[in-house]
1. Between residue 204 and residue 238, what length in nm is gained on full extension when 0.36 nm per residue of separation is reduced by their alpha carbon distance?
2. Normalised by the residues of the chain, what does the relative contact order come to in percent, with Cα pairs under 8 Å and at least six apart?
3. Can you list, bin by bin at 5 Å, the percent of alpha carbon pairs in region 322-463, starting at 0?
4. GluC sites (Glu not before Pro), restricted to region 187-271: which are DSSP loop and have at most 15 other Cβ atoms within 10 Å?
5. Sequence gap of 8 or more, or different chains, plus Cα separation below 21 Å: how many lysine pairs satisfy both in the chain?
6. Gap in Å between the Cα centre of region 43-118 and the Cα centre of region 415-430?
7. Quick one: dipole size for the chain, taken about the Cα centre, charges +1 on Lys/Arg Cβ and -1 on Asp/Glu Cβ, in debye to the nearest 20.
8. What 222 nm value per residue comes from the helices of the chain, counting each DSSP H run with n ≥ 4 as -39,500 (n - 2.57) and dividing by all residues, nearest 500 deg cm²/dmol?
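Values in this text are rule-based calculations from the coordinates and carry no lab data. Keep in mind it's a predicted model, so treat the numbers as computed, not measured. Cβ sites come from the backbone with ideal geometry, for glycine too, and all protein chains shown count toward neighbours.
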Amino acid sequence: MIKKTTLVILLAAISGCSMMPDYQRPAAPVAAAWPDSVKVAAATKAMPDWQAYFPDPRLQALIAAALENNRDMRIATARVAEARGQYGIQQANRLPNVSLNASRTASLTPASASPTGNIYRAQRYDVNASLVSFELDFWGRVASLSAAAKASYLATEEAQRAFRLSLISDVANAYLTVLELQERSQLAASTAQGRRENSDLIAKRRDVGVASDLDALQSQGIYQAAVADQANLQRQLAAAENLLTQLTGKMPNSLPEGRSLAQQGISPVMLAGLPSEVLLQRPDVLAAEQRLIASNANIGAARAAFLPSISLTGALGTASRTLNGLFGAGSDAWNFQPALTLPLFDAGRNSANLDVAQARKVIAVADYEKTIQQAFREVADLLAARDSLTEQLAAQSANSQLQQQRQKLIEARYQAGIANHLELLDAERDAYAAKQGEVQVLRAQLTASTQLYKALAGDTADK
């Protein structure tokens, strides 16, 4: 028995061969630097956490609520736990499964069926520790399957981190949209109020013969346009607030005071100089690489299926005809059943499985490279958008100020009888449109900064 046990230990010790190909990370199919059209500053050492990047207290409270209550976030977290359990199951297959069994067997053979012609009674008691079909992983098949399960688990974990990062970005974008629509709606309401007062004034002037019917119709039309614009913005605002509520999962009962759109303080300057290698740390890229590692490990398992497999089944314990004699002298019992299986003919099943595994690795390599390329383009687009939107906002703000000055000037000229009513209406429309455009561009710039934080895999770990 000692010799057999020693043999089992030796076989288990030498079972370390692996048919799994050596993993080599594919070269990133993108340039080492961002396009020349993108302006970058000095690189930073680390990404800031989301609390530092989004300083608005109200936005921070909304993001925290979403991370805790969002239903999709709960699903993503549960999938990580599921993948971790699957890996644990596969990892357990690498170790022997030993169980303790106790049994009693009793039988009665009638005299008519007994070889001796007498009634035969028999009973047996057994207690043993059994080893059930433990495969000696000589070719690394089980180890390859375990490595594939581990990589799949890590891919799921990265996917959960990617969703967490997307959720933070989505909540921030929804909040910025709400602020934009609130400011634009307030602007539309104040504009509509001013136009209504102006329309009433024009109507009175028409009654006394100072203004024409055309002036009255024009003033009434521009007032109704402002009312329609306000109603449209209110509809969009309600939809944006509903989206924000859905993302948070459960809106907090009380929220701290928030900041205006212009006071958000979201700046991507600290992220601008990061090299393109940072893309390799994006959770979606890491998840794609783990899927590639899993497919590489599955090739090893498919290759090992062509080779002989050795499984061990045995038991060690005691046996006796009586319960009292179960642990007495001479009651030792054991059995040992090693089995060798060599595939001879499987109608090409193993070859097909290997072809499938190799094809899936080719797919995984292409998916990994595609993910990196998409990430590079996304960051390059956002960096370019950051630069252009900064310039556009400066120009739009200047235009808004100029249009407001022009409106005041024409109002004075109109009061003096130098400018006509049509010129005044044009000035009011241009000033209103310029201000609305300024708010829209500001929100677009902040959104680009928010998406850039997500694209560069901002630090979302709890501090």
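1. Additional length available on full extension: 8.5 nm.
2. 27 percent
3. The calculated distribution, bin by bin, is 2, 8, 8, 7, 7, 6, 6, 6, 5, 5, 6, 5, 4, 4, 3, 3, 3, 3, 2, 2, 2, 1, 1, 1, 0, 0.
4. Sites meeting the loop and neighbour criteria: 257.
5. So the count of such lysine pairs works out to 8.
6. If you average the Cα positions of each part, the centres end up 73 Å apart.
7. Using Cβ point charges on Lys, Arg, Asp and Glu, the chain gives about 1840 debye.
8. Computed mean residue ellipticity for the chain: -22000 deg cm²/dmol.
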